[in-house]
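First the structure, in the form of structure tokens, and then the observations on it.
The values are calculated or read from the model by the stated rules, or taken from the named source; none is laboratory data. Quick caveat, the model's predicted, so the values are computed rather than measured. Cβ: placed from backbone, ideal geometry, glycine included. Neighbour counts: every protein chain shown. Surface areas here come from the heavy atoms of the whole protein model, side chains and all, with no ligands, DNA or RNA. Shrake-Rupley method; radii C 1.70, N 1.55, O 1.52, S 1.80 Å.
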Amino acid sequence: MFNPTRNEARQFLFDAWRKHNGGEQMTPLEHIAVRVIGLHPEFHGMLADPEHHQDRDYLQGELNPFLHLMMHLSIEEQISIDQPAGVRAAFLRLTAKYGSDHEAQHAMMECMAEMIMQAQRAGTGPDAAIYLNCLSRQ
């Protein structure tokens, strides 16, 4: 299982964006990352300047662009393999409701965050039932 450190995850995003802008060859995952980054022009400058952003910490309540982009990538993977089972159907329903894949994923991020928060409070692993239940309420 791929479990990058904070710096590795950030470097992946910096590298994908650099390769895209430089016309370099990219992996399939980098192509997905660049597509997601393309939906977030507010992050383009930050990703073009790794020296100033690689080690930046974000305060609670402050948008962490790295976390945001990586959550998009996680959701993309979940949808592609329908794991947890039912997540693809929830995504399709939310896409119809919100009128775009991107907004549907943002709604899904809220549920992912809720699941993670509950796991942290309980000291357990993420619970797919919590995630899917939240998605059903969106």
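The condition (being more than 17 Å from the chain's Cα centre (by Cα) and of a type in the set (S, T, N, Q)) is satisfied by just one residue among T27, T95: T27.
Every residue, every condition in (1) open to solvent by 100 Å² or more (accessible area, probe 1.4 Å); (2) at pLDDT 95 or above, yes or no:
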site	(1), (2)
M1	yes, no
A9	no, no
L13	no, yes
L29	no, no
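Looking only at residues in the stretch 118-138 that are free of Cβ contacts under 8 Å to residues at least 40 places away in the same chain and more than 19 Å from the chain's Cα centre (by Cα), the one that is most open to solvent (accessible area, probe 1.4 Å) is R121.
Taking the criterion of being over 21 Å from E76 (Cα atoms) and either without any contact (Cβ under 8 Å) to a residue 24 or more places away in the chain or assigned to a helix (DSSP H, G or I) (or both), the residues of the stretch 26-53 that qualify are G45, M46, D49, P50, E51, H52, H53. Among the conditions (1) under 15 Å from the mean Cα position of the chain (by Cα); (2) closer than 22 Å to D15 by Cβ; (3) loosely packed, with under 15 Cβ neighbours inside 10 Å; (4) of a type in the set (A, V, I, L, M), the only one that A48 does not satisfy is (1).
Residue-level check: of (1) surrounded by 13 or more Cβ atoms within 10 Å (Cβ to Cβ); (2) over 20 Å from D101 (Cβ atoms), L59 misses just (1). Taken over the stretch 1-25, the criterion of being of a type in the set (A, V, I, L, M, F, W, C) and closer than 18 Å to E77 by Cα is satisfied by M1, F2, A9, F12, L13, A16.
Checked against the criterion of being at pLDDT 95 or above, over 20 Å from L13 (Cβ atoms), out of contact with any helix residue (DSSP H, G or I) (no Cβ under 8 Å at 6 or more places or on another chain) and not acidic (D, E), the candidates A90, A96, A122 yield just one match: A96.
Within the stretch 81-99, the residues that satisfy the criterion of being part of a helix (DSSP H, G or I) and open to solvent by 80 Å² or more (accessible area, probe 1.4 Å) are I81, R88, L92, R93, A96, K97, Y98. One residue stands out among those in the stretch 15-27 that are open to solvent by 60 Å² or more (accessible area, probe 1.4 Å) and of a type in the set (D, E, K, R): the one that is farthest from G38 (Cα to Cα), which is E24.
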